[in-house]
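Reviewing the structure listed below.
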Amino acid sequence: RKLVYTACAVQNKFMFDEKGEDVMSWELDKRDRSFQFGRLLAAMERAEADYYQKTEEDRQTNAMKYMSMFRRQPWHIFEQVNRQLYRAYLDRIRPWQRIRYEKLKGEIVSLLQTFPEEELNKPLEDIYLMGYERQRSEFFKSKEEKEEDNKDERTEEQD
């Protein structure tokens, strides 16, 4: 986790210096293919990790095992890991966790399907790690923090 966070900090600094963009402050619906695939990787990892947490197993998730391959062929590896999730894990986690995964997966896949089909399996840019880390951070936000963020967004919209 520290390694990914450090890589994200370096990437964020580079993006800020080159383009003036603070990628770590991007909204989760940012229309960037690599960023969204990173989010998808985090969602798949979380769903399987929920199962391992329930069974008290200490194993590396398939999402992490295939991370380097995922970067090279994201759509193909997503389909493969997603099949494994449905075969072996999703029926065994709590219903609300399964619903969270399916909702998040659907949301991200909908964003990805706005890109041309031939781009879906092209190698990802390093920014996918930012999407991965932003989504993981979102999982660990407390319910109160999420409600506060939503309240702030509604206030900004009214102004």
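The values are calculated or read from the model by the stated rules, or taken from the named source; none is laboratory data. This is a predicted model, so every value here is computed, not measured. Cβ coordinates were reconstructed from backbone atoms using ideal geometry, including for glycine residues, and neighbour counts include every protein chain displayed. Accessible surface is based on the protein model in full, side chains and every heavy atom, while ligands, DNA and RNA are left aside. Shrake-Rupley method; radii C 1.70, N 1.55, O 1.52, S 1.80 Å.
Per residue, the accessible area of the range 19-60 comes to 49 Å² when a 1.4 Å probe rolls over the protein heavy atoms. Largest to smallest in accessible area, the residues Phe35, Phe139, Phe16 fall in the order Phe16, Phe139, Phe35 (1.4 Å probe, all protein chains included). Highest average first, the peptides 56-67, 80-91, 110-121 ordered by how many other beta carbon atoms sit within 10 Å of their residues are 80-91, 56-67, 110-121.
Across the cross-link table entries Lys30/Lys54; Lys13/Lys105; Lys30/Lys103; Lys30/Lys65; Lys13/Lys122, which are compared at the Cα atoms, the separations over 23 Å belong to Lys30/Lys54; Lys13/Lys105; Lys30/Lys65; Lys13/Lys122. Phi angles of the range 118-125 translate, via the Karplus equation with coefficients 6.51, -1.76, 1.60 and θ = phi - 60°, into HN-Hα couplings of 5, 8, 4, 10, 6, x, 8, 7 Hz per residue; Gly and Pro are given as x.
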